[in-house]
Structure formats: structure tokens, C-alpha cells
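What follows draws every value from the coordinates through simple rules; no lab data is involved. Just so it is clear, the model here is predicted, and its values are computed rather than measured. Neighbour counts are summed over all protein chains in view; Cβ atoms, including those assigned to glycine, are modelled from backbone coordinates with ideal geometry.
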Amino acid sequence: MRGKAAQAAISRERLFSRLGRQKVASQMRRVFLVACVAAAAALALMAGSARAGAGGNHFTFGYSGVDTFPTGTMCDFNEQDTFTVDGQGIFVDKTGWNPVELTVYVTHTNLDTGYSLTEVDHYQSLGVINSGQGMQAGLFWHLRDPSGKLVLVKAGQLTFDTTGITGFTPNSGADQTTAQLLCPALGGNPA
């Protein structure tokens, strides 16, 4: 099952390529969240039908990667994100709902200065298979400096459909780009 999860996660990279590097830089986190739900949905569909009374198909997946953004694409410095995603979910074939629980570990690094911030985010995703609609709730940003001091927290709820984000709570961070949140925390400015 893990091999299928890794293959499904590759769709994230394909999605990034289609959106273009500049747009990805400003909306990376939002697209990343939607891609996780899509990968989980694909896994659920590959898993087969649930036995009667079994409560749906349970699945787990995980993947890691590195995204590097040259000066001017996201921040006014070279920035790199090293991440690992761990997820688990259930495909409930009677309703089409796909609840997924994600834990995301990220190290954000200003490559020009070497300064890094780390985060561990926990959130839930709930999507309807084949509809493009869903909701996410949880801790979206939880940045800590090298001493462990908390420097940024963004948590809440957002809803989305095939057109993008359709609603969000005030402190979710969905009203700001990744660059607006991350670049100042790493000692620079958005590009």
C-alpha cells in the first residue's frame, strides 16, 4: 500500500508543474493541502470495496521531499523547505466522504543566512470523492525558531472546491500567501 501512496503523491508534483513556479511559490501550502486530499482519495479508490459492516477502507501514506525557491520566486532570498507528510484515513464508500488526518513536519531554511524555522502541523481533511469539495481544520502553521520559541501560529478551518478556497476562519492564514507569512519570519521579505 505504501508504494501506491508514493505514486499517488507524485500527482502533487504534476500539479505544481502545471500551475507554474511563481504561482506555486505564493500558494504552495494551499495547493499542498488539496493535493494531500487528492492523493488520499486516489489511494482509497485503489484499495477496493469495504466489507459490509467493516466501516470503510482504512489506509496510511507518507512521503518526503525538498522544495527550493531561488531568490525572487517566493522571498528576496533563497529559501528551502524540507518536509515529511504522514497521513491516515478512511474511505467510506456509502457516503463518499474521505476523512484524512495529516501530520506535516517542515524545516524552512533561509539558504543565504542558514537561519531555519521548524514546524509540526496537525490537521484533519474531509473531502467528498469526485466532487472536489472539502474542508480542512487544524494547526496549519506552528513555526519555532532554533531555540524552540514559538514565532508563528495559524490555526482554524478552511473550505475549498475545484476553484480554490471558498471560506476560512480569520486566524487560519488562508488570507495570506506563504511568502507573506514565511519570508518575514526567516528574516526577509516576500518577492
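Here are some notes:
- Taking other residues whose beta carbon is less than 13 angstrom from the beta carbon of R144, and scoring Lys, Arg as +1 and Asp, Glu as -1, yields -2.
- Using the Cβ of T113 as centre and a radius below 15 Å, the other residues enclosed give a net charge of -4, where K and R count +1 and D and E count -1.
- For region 176-191 and region 115-150, distance of Cα centres in Å: 17 Å
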